[in-house]
Each structure stands twice: as C-alpha cells, then as structure tokens.
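The values are calculated or read from the model by the stated rules, or taken from the named source; none is laboratory data. Model, not experiment: these values are computed from the prediction. Neighbour counts are summed over all protein chains in view; Cβ atoms, including those assigned to glycine, are modelled from backbone coordinates with ideal geometry.
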Amino acid sequence: MGKLDGKKIVIAGGSGFLGLSMADHFADAGGKVTILSRSRPKGSGRWAHTTWDGRTLGKWAESLDGADAVVNLAGRTVNCVKTPDHQDEILRSRVESTLVLGQAMRAVKSPPPVWVQMSTAHIYGDPPSAVCDEDSVVGMGFAPTIGRAWEAAFHQSKLSSQRGVLMRTSFVIGRNRGAGGGALGTLGLIARLGLGGRVGSGTQGMSWIHEDDINALFADAITNNARSGMYIVSAPYPVSQVEFMSTLRRVIKMPIGLPAFEWMVRIGAPLVLRTDPELALYGRYVVSKRLAAEGFEFKFPTLMTALTDLYRR
Ligand SMILES: NC(=O)c1ccc[n+]([C@@H]2O[C@H](COP(=O)([O-])OP(=O)(O)OC[C@H]3O[C@@H](n4cnc5c(N)ncnc54)[C@H](OP(=O)(O)O)[C@@H]3O)[C@@H](O)[C@H]2O)c1
C-alpha cells in the first residue's frame, strides 16, 4: 500500500520541473494527480490535466471538489533578467494564482482539507554568512517582497477549516522530465565546459535539496496531520558556491573550473544566459530547525550523495 493510496491531489502549477517530479512521486505512492496549468504538460505521465488561466475562477474549480489535498506551485520562473514586465509577472503569477485558488475553495462543496503552498527560501534575502532558520526575520529586496506577498495571499486564501503547510524552499536539484532540469541543468553545463569555478567571492551560500526529499516532504505534509504552518525545505548541510561547484566537478569528473569575476557575471549573465547576475553572485544559508526537531530524515543530507545519485541515473 502506498502512502497516498487513492488520495486525490491537485497540483496547481504542476506542469513545470517540480510539478512533474512531484506528480511522478505522488503517483508512485498511489496518489491520483490532477495538474492544473495554463498549458498542457509536455510528454505524458500518470496524471490528468485541467486548464486554468491562473487568475480567474472557472470550470477548473470543479477539480478541487472532493480532492484530498491541493499543492500550489504556480509561479513564473525567476530565472530571467528582472525587467519591469518580468518583475510584474513574477509577482502576479504567484499572488493571483493563490488568491483564485482561495476563491475556488469557497465555490466548491467539498474543498480539500489540506493546502500545501510553495514559497521561497529567498524570502530571507541574501545574508552573506548568517544561517537562517524558521525563526529568522525575512530579508530585504525584490525576492523577499515577492515572498511576503505570496505568503500573505496564502494566509488570506486558506480556509480556516484547512490545514495549511507553507514550504520556504531552497534550490531544488533534480532530473529533467521534459519541463527543464531547473538550475542544475545550467550549472552542470557550465561545469562541463570547464567554467564551473568560483563566482565573485564564492562564499555566497547555496542551500539546496534533492527532489526525492522535497517530494517526500510534500507527500508527508499531505498525510501527516502534525505538519502545519511554515517550514524551511532545504537539506541540513548548505554549502558555499565554491564548495557546490567543486563537488559538482568531482561528481562529473571535470578537473578544471575557471573562476568568474563579478564584472564578468554582470556582463555575461544577461547577455549570454539571459538571466539575472545576482542569482549567481548572491545566496543564502538556510537550515530547517522544525524538520530537525520533528525528526524528518533526509535521504540525501549531503551534496555529494545527492549529486552522485542524480548523475548516476
Ligand atoms: N525549482 C526550484 O529550485 C524552486 C525553488 C524554490 C521555489 N520554487 C518555486 O516552485 C514553483 C515551481 O518551480 P519549478 O522549478 O517547477 O518552475 P517551472 O518549471 O518554471 O514551473 C512553473 C509552473 O508555474 C506555472 N506558471 C508559470 N507562469 C504562470 C502564470 N503567469 N500564471 C499561472 N501559472 C504560471 C507553469 O505552468 P503554465 O505556464 O503551464 O501555466 C508551471 O506549471 C515556482 O513557484 C518556483 O518559484 C522553485
């Protein structure tokens, strides 16, 4: 018997990198998954698909009626140049999708008793060395502003009768199931080209989690009534950028890792990778005090074991 046997789970924003990984994991555990997204997920899988626009109430709301849980991952990628229009989409895609899910919960007869909501560990900002846990104050800047608005929309939308679990998630490392491989795909390519060395100071934190562990945590949030409120979703041993890349190079057996000075990243990231240089130049160290206290056992607590697993398969 799987842990999610027969449970009906709706994954809003489930057509992307994490959604397809989670859908696979939930189906393996016996769950019946419906993905709610604007476009049909690429490829096929053990899920049904319902279309929404992520902002207006529609017939799609019926998919929530009688469901056992909703997981909300919807959000435009932050891996882009932060032009004003991209910033607007990053905010709206998260806040509006969360608010409209709340409206849908109120429109159906039998709304899901559990709501598991994605959030970001970037809400802690970019402290150079402080290790943040669930008791830390949130940070300053664009990402913390988005995180606060996203979480406020969740608190406003969750039914008082629902158990809500909010997941401040760090960088997820996992496989590509047809919707992209997340940032690890890009870092792996950079490392294979011999360019995976120190970026800027190299001391910026890289907090990460293996996809199997985040999937297990989200599944546990669905079934375990003791899980409630906000958690940091990240492996217990975050590393510096230099250590992350040297571990990655060891795993893929690339001896050379040329460094990138800050000015190179500031010019190269928007021009070549069409992304935000600050994603590479800044970072954060986060660790979950609550998961440690509640005894969650990570399958991949260290980066070496996690990367070895992903590159071996
Ligand atoms: N990957 C990570 O390391 C990581 C870490 C922390 C938090 N997160 C968060 O987890 C969520 C999923 O991440 P991911 O890596 O799977 O991202 P992804 O591959 O870019 O998938 C994003 C999902 O959001 C939907 N979406 C995009 N723009 C939307 C919009 N304007 N309105 C409604 N839905 C929209 C997409 O579906 P459609 O475009 O088909 O609607 C897709 O299902 C995101 O919110 C992300 O910020 C990710």
What are the residues in the range 66-108 that are closer than 24 Å to S21 by Cα, of a type outside the set (A, V, I, L, M, F, W, C) and part of a loop (DSSP other than H, G, I, E, B), if any? G66, D68, G75, R76, T77, N79
Test V272 against the stated conditions and say whether it is β-branched (V, I, T) and either within 19 Å of R168 (Cβ to Cβ) or surrounded by fewer than 16 Cβ atoms within 10 Å (Cβ to Cβ) (or both). yes
Hits in the range 56-86 - residues which are surrounded by 16 or more Cβ atoms within 10 Å (Cβ to Cβ) and within 13 Å of the ligand (Cβ to nearest atom): W60, V71, N72, L73, A74, G75, R76, V78, C80
With respect to G180, is the statement that it is assigned to a loop (DSSP other than H, G, I, E, B) and near the ligand (Cβ under 10 Å from one of its atoms) true? yes
Which residues, taken from the range 87-101, are touching a helix residue (DSSP H, G or I) at 6+ places or on another chain (Cβ under 6 Å), surrounded by fewer than 20 Cβ atoms within 10 Å (Cβ to Cβ) and not hydrophobic (A, V, I, L, M, F, W, C)? none
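Can you confirm whether the range 283-290 contains a residue that is over 30 Å from T83 (Cα atoms), touching a Ser or Thr at 6+ places or on another chain (Cβ under 9 Å) and among the aromatic types (F, W, Y)?
First, the residues of the range 283-290 that are over 30 Å from T83 (Cα atoms): 287-290.
Cutting the leftovers down to touching a Ser or Thr at 6+ places or on another chain (Cβ under 9 Å) gives us 287-288.
Adding the requirement that they be among the aromatic types (F, W, Y) leaves none.
Within the range 283-290, none of the residues are over 30 Å from T83 (Cα atoms), touching a Ser or Thr at 6+ places or on another chain (Cβ under 9 Å) and among the aromatic types (F, W, Y).
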Restricting to the range 22-34, name every residue that is within 14 Å of the ligand (Cβ to nearest atom), part of a helix (DSSP H, G or I) and buried (at least 24 other Cβ atoms within 10 Å of the Cβ). M22, A23
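Tell me, please, whether a residue that is among the hydroxyl-bearing types (S, T, Y) and either crowded, with 24+ Cβ neighbours inside 10 Å or at pLDDT below 95 (or both) can be found in the range 237-248.
No, because not a single residue in the range 237-248 is among the hydroxyl-bearing types (S, T, Y) and either crowded, with 24+ Cβ neighbours inside 10 Å or at pLDDT below 95 (or both).
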Looking at (1) within 8 Å of the ligand (Cβ to nearest atom); (2) touching a residue at least 40 places away in the same chain (Cβ under 8 Å), which is the one condition that is false for R38? (2)
Exactly one of I123, I9 is within 11 Å of the ligand (Cβ to nearest atom) and buried (at least 19 other Cβ atoms within 10 Å of the Cβ), and that residue is I123
Flag if G139 is assigned to a strand (DSSP E or B), surrounded by 18 or more Cβ atoms within 10 Å (Cβ to Cβ) and in contact with a Phe, Trp or Tyr (Cβ under 8 Å, 6 or more places away or on another chain): no
In the range 186-201, anything surrounded by fewer than 18 Cβ atoms within 10 Å (Cβ to Cβ), of a type outside the set (A, V, I, L, M) and at pLDDT 95 or above is listed as R192, G194, R198, S201
State whether one or more residues within the range 275-291 are surrounded by fewer than 16 Cβ atoms within 10 Å (Cβ to Cβ) and more than 21 Å from the chain's Cα centre (by Cα). no
